[in-house]
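As structure tokens, the structure follows; a few thoughts come after it.
Just so it is clear, none of the values below were taken in a lab; they were calculated from the coordinates. Keep in mind the model is a prediction, meaning the values are calculated, not measured. Cβ: placed from backbone, ideal geometry, glycine included. Neighbour counts: every protein chain shown.
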2 protein chains.
Amino acid sequence: MKIYEYLIKKIQDTGTRHVFGIQGDYVLNFYEKLCKSPLTVINTCDEQGAGFAADAYARITGFGVVCVTYGVGGLKLANTTAQAFAELSPVLVISGAPGISERKGNPLLHHKVRSFETQINVFREMTSVQAVLDDPKTAASEIDRVINAIHRTKRPGYIELPRDMVQAEINESHNTVEKKELYIDKTETNKALQKVLSMIDKAKNPIIIAGVETHRFGMQDLLLKLIEHSGISFVTGVLSKSVFSENHPQFLGVYAGAMTPDNIREKVEGSDCVIAIGPLITDISTGIFTHNIDHKNAIVLMQDKLFIEGDIYSGIDMRNLIKQMADTIPEKKLPEKEIKRHMLDPFIPEKNKEVTMERFISCLNTFLNDDITIIAEPGDPLFASLDLEVHAKNGFLSCSYYASLGFSVPASVGVELADPNKRPIVLVGDGSFQMTGMEISVAARYGLSPIVIVLNNGGYGTFRPMVDGEFNDILEWRYAEVVKVIGSGKGFKVSNEEELVSALIKAKNNNTAPTIIDVKIGKYDCSKRLRSLTDKLKKSVK
Amino acid sequence: MKIYEYLIKKIQDTGTRHVFGIQGDYVLNFYEKLCKSPLTVINTCDEQGAGFAADAYARITGFGVVCVTYGVGGLKLANTTAQAFAELSPVLVISGAPGISERKGNPLLHHKVRSFETQINVFREMTSVQAVLDDPKTAASEIDRVINAIHRTKRPGYIELPRDMVQAEINESHNTVEKKELYIDKTETNKALQKVLSMIDKAKNPIIIAGVETHRFGMQDLLLKLIEHSGISFVTGVLSKSVFSENHPQFLGVYAGAMTPDNIREKVEGSDCVIAIGPLITDISTGIFTHNIDHKNAIVLMQDKLFIEGDIYSGIDMRNLIKQMADTIPEKKLPEKEIKRHMLDPFIPEKNKEVTMERFISCLNTFLNDDITIIAEPGDPLFASLDLEVHAKNGFLSCSYYASLGFSVPASVGVELADPNKRPIVLVGDGSFQMTGMEISVAARYGLSPIVIVLNNGGYGTFRPMVDGEFNDILEWRYAEVVKVIGSGKGFKVSNEEELVSALIKAKNNNTAPTIIDVKIGKYDCSKRLRSLTDKLKKSVK
């Protein structure tokens, strides 16, 4: 068996069916093999688009692959891979590279920066595991090591494939690397369980915050069992929105410190026992650290640690702990009937009324169903949509912590390929659309049908409440005309509520090609959530 | 004086008038100051575009600045900065960053990857100098140190500006950092000079290869004096094309190993004394190491080293050596009259004849003048255009060594702002245009008038002669329609030679807005130079 065969086989073993990327001469021979394999290559417009698409794909399927050439391809993935690292997205980056035999004498080969190690050094900063397949004897075990680590850490890994190694014969009898698992301390886990149970038992109004790790580490079903068995109400965080269907009767809303509607905020911060399961505690998730939760009332369970009453328990088996909690907590913690979840206002379009962010969200809300995945770009597209009532589990996707602009349009390609039964609706600002929006071309090429809604407020509206200036302005594009450039799909320009409803209906019916809806929003209009966030943020900006 | 004032002043002192970039909350307060300063901020569509524009700007003016936010901005510049490093382009990267006071306790602030050092660690790989302005007492000397090193090395430098330091008062009495200079050994330089002179004296048919370092280190005038005084004919390399006007009577053409027209190749490789001044000896510049020059006949002078007859002289003062050669070489080495430079065929358009790369170049050649700068994207746009007769000194720009696709359209923005008297003509493949071509929007916004010629052969034509497959195909865009999206400029679709001439004439007259010309080329058509290069390259690809 050859290196390329082993690598392709191992990718297939993860369940992955697609590889995103752009070729180049250092990876051409591997691309030729990829194209002849059962894997499907998806060419994006720019490598950046491939990185974002693979990230989104990985968030849906549990594994994503992006494959590019050396230097000019690999380094274009620095930002997208950093995002996957920061937000626990299991992406395998494969980069072609100069052959080992070509590197002798350290010549200046094209795409080289400082040395042949430059690229791997960069990826050390943003992947959990790296390997250069420079030796056929160890190549198979190196591939195993990288893929196992990606699965274990849910963070990206890097494989560099020198082009003269693609067809090298591997060592068939390689010792399969033993899968490293996280260290688990059973005694500590049991001690922690007793403490947790006793605290919950005493609690009068406990609440669960379902965090993003429950999704990444595949514990949604377990946690749901705990929630339903105990009857405890739950909220999610910004990054974990839609970790369960938001139609669930025990769901209250998305909590993010001061950036939270009052009724949800009171419920969380007034609780005498906040049980946070797998949260990523960031500035964004806490509304710039405005979460007002007394740590004496908090249980914070993370992948391998538990924080409770000021103590830290290490070596915790998160999965087992949730399971035992579900089995042990008595069925007495029923949801409080008197506190309702935060609901959006009903939406009836008004003639000739300009669209605002808040009204746009109320309108979009009426279009949601089980088959739609919302992809919200960082900024107000994200903050405004936190109150959308997402029907489907995992039906809302955003990069709300690392928050790279340019994510959402290429992400829609990854989402629709990962699950063809889902229809992506992209909410993207006009500034972000100008970064990577042309990746909608990829959707057109491969017969996908995302609905891309450009929330067009004439620039970087998220920054305007902090510091405004002409650097927040952009050239106004005719976004709906983009479909003419790519020769496929439908474009709509919307300037009032009736047109918005009409465009959304037509978009829904245009289900074999992309749709772009250019929604004109006031330059200074924004959601309440954004306003409360920027009130905090602007203090750091001055 | 505050840190931001000192930094802006020092940028102005370099002669720079423009700063490219996109803001973000970690750099918002510095952006506000920048916009109120005499510097002009140029917002691109994506940070990648800003990086390429600043690189091109630096190649024209000798200093470029790109300014972005932390993480999501900075890491998008990894590839563009790597290119600037590899090809000696003096770019200053300024990144905003979380405030020093915000970093206490190592919180998860948005845009953070692994640690607060991730980004600077990445930039260590692709810049010659780095500084975090975390201390007002040293900030001024750190700024000096970075800017001096950029000037000295002609490679990029990195400044990270925590947002709570922007308004901090600097130490006024800071000791200005002494400018480090390269070590120079006068004795060695003199010894080297004698050796060089004696070798040239014995030579019957010497030839000069003018390399890229003569441009980067400002030695073009000195070298021209040597050329004209000695009467020795010269060629340039791929990266140094147009280092002198190609109308110069002693200019023969561009030499690149086997990728060279026969008459030039014979002249160079048949010389008994090849004097290479400041070359970058790469796989591309040598036609994949097919240069057939006997090192016994070669003098290779680089920034601080001289290679001659197998010896290396270090600590060489390149500038002084060229000067002394010009002063000392007797005026006897007249150009050989019998060998003419390589000339393009004359061009008379034929009716209904499809455009080929070779004929396209012959046609474009008739449109060149002193005021045009050609920007050639890597791949066949570059290789085919090596035989263009560029009138203006520095009138041809390409990233022919690092060779990142996506460079040329954003580069045109940098070129036209660097010298408003120059009209950029961009030669870009359709694959590359899909990466960053929408940056033409920036030209429209700021009233620039590049002529962007999309050489549309249905995909990545440069790779087809090596390995072909559907990964080389792309979705066909209607490139001329892009002007409708950006709402400015003119677009033309060209499918035969007459239409090409007509579109070029109209483009030339459209001098206040961008032009896009979509030139249909056969899927497998390419230039002779590319064919000879890919014949070599494909051996490494199998």
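Take the Cβ-Cβ distance between B:Asp311 and B:Lys351 as r, set R0 to 56 Å, and report the resulting FRET efficiency rounded to the nearest 0.05. Write down the numbers at each step before the final one.
Numbers: r = 60 Å, r/R0 = 1.08.
Result of the calculation: an efficiency of 0.40.
May I ask you to report, in nm to one decimal and beginning with the shortest, the distances from B:Glu498 to the same position in the other copies, taking label points 7 Å along Cα-to-Cβ?
Label-point distances to the other copies, shortest first: 5.0 nm.
Compute the Rg/Rh shape ratio of the protein assembly as shown: radius of gyration over Kirkwood radius, all on alpha-carbon atoms. If you can, show how the numbers build up before the last one.
Working: Rg = 30.2 Å, Rh = 30.4 Å.
Looking at the protein assembly as shown, the ratio lands at 0.99.
Looking at the axis that maps chain A onto chain B, which chain A residue has the closest Cβ, and how far off is it in Å, rounded to a whole number?
Here the value is A:Ala78, 2.
For the protein assembly as shown, what does the helix formula give at 222 nm: sum of -39500 (n - 2.57) over DSSP H segments with n ≥ 4, over the residue count, nearest 500 deg cm²/dmol?
Values: 38 runs with 382 residues, N = 1084.
Result for the protein assembly as shown, helices only: -10500 deg cm²/dmol.
Relative to the Cα centre, what is the charge dipole magnitude of segment A:363-469, using +1 at the beta carbon of each Lys and Arg, -1 at the beta carbon of each Asp and Glu, and rounding to the nearest 20 debye? If you can, show how the numbers build up before the last one.
Details: 5 positive and 11 negative charges, 36 e Å.
With Lys and Arg at +1 and Asp and Glu at -1, about 180 debye.
If you project the alpha carbons of chain A onto their three principal axes, what span does each projection cover, largest first, in Å?
That gives 72, 64, 45 Å along the principal axes, largest extent first.
For A:Lys484, which lysines qualify as cross-link partners when the Cα separation must be under 24 Å and same-chain residues fewer than eight apart are set aside?
Within reach: A:Lys493, A:Lys506, A:Lys508, A:Lys520, B:Lys484, B:Lys490, B:Lys493, B:Lys506, B:Lys520, B:Lys523.
Nearest 0.05, what FRET efficiency do B:Arg478 and A:Arg17 give at R0 = 22 Å with Cβ-Cβ as r? List each step's numbers first, then the result.
Details: r = 31 Å, r/R0 = 1.42.
Efficiency for this residue pair is about 0.10.
Cα extents of segment B:357-530 along the three principal axes, largest first, in whole Å?
Principal extents (Cα only, largest first): 41, 35, 34 Å.
Given all pairs of different Cα atoms, what value in angstroms does the Kirkwood hydrodynamic radius of segment A:186-328 take? Mind showing how you got there, number by number?
Details: mean 1/r = 0.0675 Å⁻¹.
For segment A:186-328, inverting the mean 1/r across all distinct Cα pairs yields 14.8 Å.
Which trypsin sites (Lys or Arg not before Pro) in segment A:441-537 pass both tests, a DSSP loop state and at most 16 other beta-carbon atoms within 10 Å?
Counting only loop positions with at most 16 other Cβ atoms within 10 Å, the trypsin sites (Lys or Arg not before Pro) in segment A:441-537 are A:Arg478, A:Lys523.
Considering only segment B:357-530, what is the antiparallel percent among its DSSP beta bridges, to the nearest 5? The partial results should precede the final answer.
Numbers: 1 of 25 bridges.
Around 5 percent of the beta bridges assigned by DSSP in segment B:357-530 are antiparallel ones.
Could you tell me the relative contact order of chain A? Use alpha-carbon pairs under 8 Å, at least six residues apart, and round to a whole percent.
On the way: 1196 pairs, mean separation 70.1, N = 542.
The normalised contact order for chain A reaches 13 percent.
For segment A:353-453, what is the Kirkwood estimate of the hydrodynamic radius, computed as the reciprocal of the mean inverse distance between distinct Cα atoms, to one decimal in Å? The partial results should precede the final answer.
On the way: mean 1/r = 0.0738 Å⁻¹.
Computed over Cα pairs of segment A:353-453, the Kirkwood hydrodynamic radius comes out at 13.5 Å.
Extending each Cα 7 Å along its Cβ direction at B:His229 and A:Ala513, get the distance between those two points in nm, one decimal.
6.8
Fewest first, what order do A:Glu117, A:Glu188 take by the number of other Cβ atoms within 10 Å?
Numbers: A:Glu117 13, A:Glu188 16.
By the 10 Å Cβ count, ascending, the order reads A:Glu117, A:Glu188.
Averaging the inverse of every distinct alpha carbon separation and then flipping it gives the Kirkwood radius. What is it for segment A:3-162, in angstrom units? Write down the numbers at each step before the final one.
Details: mean 1/r = 0.0659 Å⁻¹.
Averaging 1/r across every pair of different Cα atoms and inverting gives 15.2 Å.
Provide the descending list of Cα extents for segment A:286-389 along its principal axes, expressed in whole angstroms.
Result, largest extent first: 59, 32, 29 Å.
For A:Asn106 and B:Glu181, FRET efficiency with R0 = 25 Å and r from the beta-carbon atoms, rounded to 0.05? Present the calculation step by step, with values, prior to reporting the outcome.
Values: r = 26 Å, r/R0 = 1.06.
Approximately 0.40, to the nearest 0.05.
Run through all the Cα pairs of segment B:418-504 and give the fraction in each 10 Å bin from 0, expressed as whole percent.
Calculated P(r), rounded to whole percents: 15, 44, 31, 9, 1.
Beyond 21 Å between alpha-carbons counts as too far, so tell me which of A:Lys112/B:Lys323; A:Lys539/B:Lys2; B:Lys191/B:Lys267; A:Lys204/A:Lys393; B:Lys76/B:Lys112; A:Lys9/B:Lys538 fall in that bin. All intermediate terms of the calculation are to be shown ahead of the outcome.
Details: A:Lys112/B:Lys323 33 Å; A:Lys539/B:Lys2 19 Å; B:Lys191/B:Lys267 29 Å; A:Lys204/A:Lys393 29 Å; B:Lys76/B:Lys112 14 Å; A:Lys9/B:Lys538 26 Å.
As for pairs spanning more than 21 Å Cα to Cα, those are A:Lys112/B:Lys323; B:Lys191/B:Lys267; A:Lys204/A:Lys393; A:Lys9/B:Lys538.
A:Ile184 label points, 7 Å along Cα→Cβ, one per copy: pairwise distances from this copy to the rest in nm, shortest first?
Spacings between copies for this position, smallest first, are 7.0 nm.
Suppose you put the label 7 Å out from Cα in the Cβ direction; list, shortest first and in nm with one decimal, how far A:Leu344 is from each other copy's label.
Between copies, matching label points for A:Leu344 lie 5.7 nm apart.
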